[in-house]
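For reference, the structure discussed in these notes is given below.
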Amino acid sequence: MLVYLRLLKESFRFALNALRNNKLRTLLSLLGVTIGIFSIIAVLAAVDSLDRKIKKDLSSLDKNTIYLMRFSFGPSEIPQWKREQFPNVKYDEYEYLKGSMNNVNQMAFQFFVNRESIKYQSASVSDINVVPVSHEFIEIEGLEFDEGRFYNESESNSGSAVIVLGNEIASGLFEGANPIGKNIRLYGQRFTVIGVLKKQGAGIFGDSSDTSVFIPVNFLRRMYGDNNDALTPVILIKPEKGVDMDAFKAELTQKLRNYRGMKTDEIDNFFINVLSGFTDLIDGIVGQMNVVGWIISGFSLLVGGFGIANIMFVSVKERTNLIGIQKSLGAKNRFILFQFLFEAVILSVIGGAVGLLLVWIISVVLTKAMDFEFVLSMSNVLLGTSLAAIIGLISGILPAITASKLDPVEAIRTGM
């Protein structure tokens, strides 16, 4: 064991000598490993950070949450022209399903609408996300409050002019003052602020509760009716925990088909979008991004491997005389083999460490510059180090074998 520790120490010394004595050549040769490790770990870290952010944003929602609407979250076998003819879900369908469906925890009705501006006296905030939704939404979304409350069932059903503000919206309009009870203007109408949400942070899909406002969906229904092209309705359904989702979706499909009076030979003219299906789609995209990252980075690692092999072949040639002396003093072939293998691995790990350092620096800069946490996990650090070591091991095999098989007499004579 002591012999191998001494061997490792000597190999480390030779690797440092290579860096000191031939700085430009060695650095250029290690550049391939550095770029390769940087590329793959940067991609993996970015994808991991993105995946973590998505799951954090969706953590408040039950993965079995259903979005019942005329559109599909994912690809569909139904032609687009056919999908465009599907009718929107209606408020009366929401009321019917809410009263007839089994195993429902909560059900809400929501409009997807265009972005708007909101005003309070001389202050205004533009391009905000308006969420017109029924009162059950708070139980589905799990909203938390800094001040005030969400609107109740009575306010929701009557379409009262009340509003709940996201944290950033409240800060932009009131600049630290208490907004509860104040009147603001939206859609040219006056709304009374009844709640301010806790700060959530940026959402991965562009919007978060911080930049959103919530109003009773029936307020907009009274203003625009149910057949306005600017309003896209959706029924949100949160099933009870442990429910058989296939059976639940089958019951939902049958009840809505019956309510719409559809014939048995007609295809469903609505989509049951389950949140878990959306997360599976995201996982698939994340997996594809990882594969692309590996393919792109693989070329850099290949170039880096050739660079390490080149360094080691040059090192063998420069130290031919020393190898001969070591062999003449009793050094075994295995000793010489491991000496050069260790040196190749150390050089490669040094190149990989530089790549990891660059990823860490960029992750710190991006995290501070953007409202997004770029995470370089320990698993990715270990992966990068292991990859660098493997590249060094593979690249150093041929030079190490060449060195170990040198004849001591010929080696001494050649080196003289």
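Of all residues in segment 92-120, how many are outside any strand (DSSP E or B) and over 30 Å from LYS241 (Cα atoms)? Steps first, answer last, please.
In the first step, residues of segment 92-120 are kept if they are outside any strand (DSSP E or B); the result is 92-103, 113-115.
Narrowing further to those that are over 30 Å from LYS241 (Cα atoms): 113-115.
Number of matching residues: 3.
Run down VAL131, VAL89 and say which single residue is in contact (Cβ under 8 Å) with a residue 40 or more places away in the chain, open to solvent by less than 30 Å² (accessible area, probe 1.4 Å) and in a strand (DSSP E or B).
VAL131
Looking at segment 73-86 only, could you name the residues that are open to solvent by less than 90 Å² (accessible area, probe 1.4 Å) and either modelled with pLDDT under 85 or on the phi > 0 side of the Ramachandran plot (or both)?
PHE73, GLY74, SER76, ILE78, PRO79, ARG83
Taking segment 149-193, which residues are part of a helix (DSSP H, G or I), in contact (Cβ under 8 Å) with a residue 12 or more places away in the chain, open to solvent by 10 Å² or more (accessible area, probe 1.4 Å) and under 15 Å from ASN218 (Cα atoms)?
GLU153, GLU155, ASN157, SER158
What tally of residues in segment 341-371 results from selecting those that are surrounded by 14 or more Cβ atoms within 10 Å (Cβ to Cβ) and within 22 Å of the chain's Cα centre (by Cα)?
So the answer is 9.
Could you tell me whether any residue of segment 217-236 is farther than 24 Å from MET69 by Cβ and either surrounded by 14 or more Cβ atoms within 10 Å (Cβ to Cβ) or among the aliphatic types (A, V, I, L, M) (or both)? Break it down stepwise before answering.
Just the residues of segment 217-236 that are farther than 24 Å from MET69 by Cβ, to begin with: none.
No, segment 217-236 has no match at all.
Looking only at residues that are part of a loop (DSSP other than H, G, I, E, B) and of a type in the set (S, T, N, Q) in segment 241-273, which one is farthest from the chain's Cα centre (by Cα)? First the steps, then the outcome.
Pass one, segment 241-273, residues part of a loop (DSSP other than H, G, I, E, B): 241-244, 261-270.
Of the ones still in play, those that are also of a type in the set (S, T, N, Q) are 264, 269.
Numbers: THR264: 42, ASN269: 33 Å.
Per the stated criteria, the residue is THR264.
The values are calculated or read from the model by the stated rules, or taken from the named source; none is laboratory data. Predicted, not measured: the structure shown is a model, and the values here were computed from it. Cβ: placed from backbone, ideal geometry, glycine included. Neighbour counts: every protein chain shown. What goes into the accessible areas is simple: the full protein's heavy atoms, side chains included, and nothing from ligands, DNA or RNA. Shrake-Rupley method; radii C 1.70, N 1.55, O 1.52, S 1.80 Å.
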